[in-house]
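**Student:** If you scroll down you'll find the structure; I have some questions about it.
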Amino acid sequence: MSRKRWHLLGLFTAVGALAVGLVTVPASAAGGVSANFSKGSDWGSGYEGKYTINNGSGSTLAAWTVEFDLPSGAKIASLWDGSYTAAGQHVTVKNSWNGNVGNGSTASFGFNVSYSGTYSAPANCKLNGGSCDAGGGTPTTTPTTPTQPTTTPTTPTTPPTTTTTTPPPPGGLKNVGYFVQWGVYGRNYHVKNIETSGSASKLTHINYSFGNVTNGSCTANDDPYADYQKTYDAAGSVDGVADTWDQPVAGNFNQLRKLKKLHPGLKIIWSFGGWTYSGGFGQAAQNPAAFAQSCYNLLKDPRWADIWDGIDIDWEYPNACGLSCDSSGANSYKNLLSALRSKFGSSFLVTSAISADGSNGGKLDVADYAGAAPYVDWFNVMTYDYFGAWAPQGPTAPHSPLTNFTGIPTPGFYSDAAIQKLKSKGVPSSKLLLGIGFYGRGWTGVTQSTPGGTATGPAPGTYEQGIEDYKVLKNTCPSTGTFAGTAYAKCGSNWWSYDTPATIGGKMSYAKQQGLGGAFFWELTGDTTGGELITAMKNGLS
């Protein structure tokens, strides 16, 4: 039985960007500006540090530069919310997105330092060339009245050139993949394929999809055969040992258990909802504590409690419309995640797949994702399915654009817009994972090779019109160009957009530049037998 997972987004209006002019003002008036160092966690060979810039100058601070010296044997391992250079032990950090600091406001940047021996704090701090003590900053600039831009945004051909780098401290970047329960049927993709493709060793987490949400509760879906009844012979089993007819748990569950034994660091998360099963979340949100208890009872069932390291909530979409429309209110999503965290505790992973609608007033603006952030380990931001042949006449457009582009059919429908919106709401960048689709979306009846052409309908696909796996497209319709950080291809009258190892490399660089917690993908069956795309993600995140 197929479970369609679409992430279709509605149409919304754009907000114009602001262009600013600059004038010089003194930064040292009325108490001036200062920069203060604070130390976070320390794990013996490194620590997390932070500088906070305080503006008490009486005027807006439009740019800042902080310099400091690290002791011998110490060096910057990563830095976020700023751009840095190092000359020996001397480190210079300039603002990135956070240069504009209003009077009475603060800005900050964080960093990891690796060191040997005994911890020693940074020394010789300078702010804008002067002392980091209050009043020590030098004159700087402030914006004048904003004006509307007179030009149309151009199409970046590479990811944004911000130079911030932020692997989340410590533990490395996450590479999360969805395994679809129904893949064992027509797609003939089994847990063993994760191992034989070499992908298991490159993944940090697997999301098993999907559990259902019915009557306000977490439930297994309607296919227990695939979940825990199907018996595998020796050839089909992860470890080469056949199932027996009388074992209590077989199927995908037992194969995942075996995969974890081969890869002890691999974590398995049970995902609930998705496009088809999200309709039950509204009822669940009426009694979050009861919902959380039902999920706990299901995942902690003694038959399979050892398999699960976490729960993933794929609610598409809270207080908005997906397959059905939800009107449970802006706080429902936060309340649901809070109840799950309270029930499962701090050692159990709680994650969630969320909208990537970066438009003004769109799906990210109608539910409290920032309020939910303290309760989740990370969000899987579904930065794909922006455009496709559900608009049968086009225009053709990449379904997973990283950046903005001229002629974008819906303003704000691109990955960077979603990431920046979530960060602006206060969601920590380290709790955001960038989404990659292991498939393409396409049209037919297209004559124009580049994006923006007209079409007559969806291109044919193996399982569904308008969509095709990467492993097929790489051979049947190879990439003919790149656009907005992703690839496109025209073959005959068919036009497709999809990610390749090269464009995935660019997106992984973006994820690191933005200080994201890593990346995830939908889903394993779309990759080649050798795990080509997973390898590109792993290499790009390393």
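**Student:** About the Cα centre of region 174-541, what is the dipole size in debye to 20, counting +1 per Lys and Arg Cβ and -1 per Asp and Glu Cβ, all else neutral?
**Tutor:** 860
**Student:** Would you work out which of Asn193, Leu432, Phe109 lies farthest towards the positive end of the dipole of the chain? Charges go on Cβ: Lys and Arg +1, Asp and Glu -1.
**Tutor:** Phe109
**Student:** Compare the Cα positions of Trp496, Ser327, Pro374 along the charge dipole of region 174-541 (+1 at Cβ of Lys, Arg; -1 at Cβ of Asp, Glu; about the Cα centre) and return the one farthest towards the positive end.
**Tutor:** Pro374
**Student:** Using +1 on the beta carbon of Lys and Arg, -1 on that of Asp and Glu, and nothing else charged, what's the dipole of region 352-511 about the Cα centre, debye to 20? Present the calculation step by step, with values, prior to reporting the outcome.
**Tutor:** Numbers: 10 positive and 10 negative charges, 49 e Å.
It comes to approximately 240 debye.
**Student:** Multiply the residue gap between Tyr225 and Ala87 by 0.36 nm, knock off their C-alpha separation, and tell me the result in nm, one decimal place. Provide the component values of the computation, followed by the final result.
**Tutor:** Numbers: separation 138, 0.36 × 138 = 49.68 nm, distance 6.09 nm.
The Tyr225-Ala87 span can extend by a further 43.6 nm.
**Student:** A further question follows. Taking the 0 to 90 degree range and rounding to the nearest ten, how far is the long axis of helix 332-344 tilted relative to the main principal axis of the chain, both from C-alpha atoms?
**Tutor:** So the helix axis and the longest Cα principal axis differ by about 80 degrees.
**Student:** Still on this structure, please answer the following. With r defined as the distance between the Cβ atoms of Asn475 and Phe37 and R0 fixed at 45 Å, what FRET efficiency is calculated, to the nearest 0.05? Don't skip to the end; give the middle numbers.
**Tutor:** Numbers: r = 55 Å, r/R0 = 1.22.
The calculated FRET efficiency here is 0.25.
**Student:** Hey, another quick one. Within straight cross-link reach of Lys94, meaning Cα distance under 16 Å, which lysines are found once same-chain residues fewer than 8 apart are removed?
**Tutor:** Of all the lysines, those that pass the test against Lys94 - Cα under 16 Å, at least 8 places apart if same chain - are Lys50, Lys126.
**Student:** Another question, then. List the aspartates and glutamates whose Cα sits under 20 Å from the Cα of Lys421, skipping any in the same chain fewer than 8 residues away.
**Tutor:** Output for Lys421: Asp81, Asp314, Glu316, Asp357, Asp365, Asp368, Asp377, Asp385.
**Student:** Then there is this: Expressed as an acute angle from 0 to 90° and rounded to the nearest 10, what is the orientation of the C-alpha long axis of helix 415-424 relative to the principal long axis of the chain?
**Tutor:** Computed tilt is about 60 degrees.
**Student:** Here is a further query. With label points built 7 Å along Cα→Cβ from the Cα atoms of Ser116 and Thr406, find their separation and express it in nm.
**Tutor:** 5.4
**Student:** Compute the acute angle (0 to 90°) between the alpha-carbon long axis of helix 251-262 and the principal axis of greatest extent of the alpha-carbon atoms of the chain; round to the nearest 10°.
**Tutor:** Tilt of helix 251-262: around 50 degrees.
**Student:** Go ahead and run the numbers for FRET between Ala235 and Ala305, Cβ-Cβ distance against an R0 of 41 Å, rounding to 0.05. Kindly include the intermediate steps, with their values, before the conclusion.
**Tutor:** Values: r = 29 Å, r/R0 = 0.70.
The computed FRET efficiency comes out at 0.90.
**Student:** Continuing with this model, one more query. Quick one: of Lys202/Lys431; Lys39/Lys260; Lys260/Lys490, which pairs are farther than 30 Å apart, Cα to Cα? Let's see the in-between values first.
**Tutor:** Numbers: Lys202/Lys431 20 Å; Lys39/Lys260 36 Å; Lys260/Lys490 41 Å.
Where the Cα-Cα span goes over 30 Å, the pairs concerned are Lys39/Lys260; Lys260/Lys490.
**Student:** Using only the alpha-carbon atoms, what does the chain span along each of its principal axes? Please give whole angstrom values in decreasing order.
**Tutor:** Per principal axis, max minus min of the Cα coordinates gives 78, 58, 46 Å.
**Student:** Here's something else I'd like to know. Computed FRET efficiency, Cβ-Cβ of Gln293 and Ala330, R0 25 Å: what is it to the nearest 0.05? Show your work: numbers first, answer last.
**Tutor:** On the way: r = 24 Å, r/R0 = 0.96.
For R0 = 25 Å, the calculated efficiency reads 0.55.
**Student:** Dipole size in debye (nearest 20) for region 33-131 around its Cα centre, Lys and Arg Cβ +1, Asp and Glu Cβ -1? Could the numbers behind the result be given before it?
**Tutor:** Numbers: 5 positive and 5 negative charges, 15 e Å.
The calculation lands at about 80 debye.
**Student:** Say the dipole of the chain comes from +1 at the beta carbon of Lys and Arg and -1 at that of Asp and Glu; which of His263, Ala121, Gln283 then lies farthest toward its positive end?
**Tutor:** Working it through, the farthest residue towards the positive pole turns out to be Ala121.
Throughout, read-outs are computed from the coordinates displayed, never taken from laboratory work. Keep in mind it's a predicted model, so treat the numbers as computed, not measured. Cβ coordinates were reconstructed from backbone atoms using ideal geometry, including for glycine residues, and neighbour counts include every protein chain displayed.
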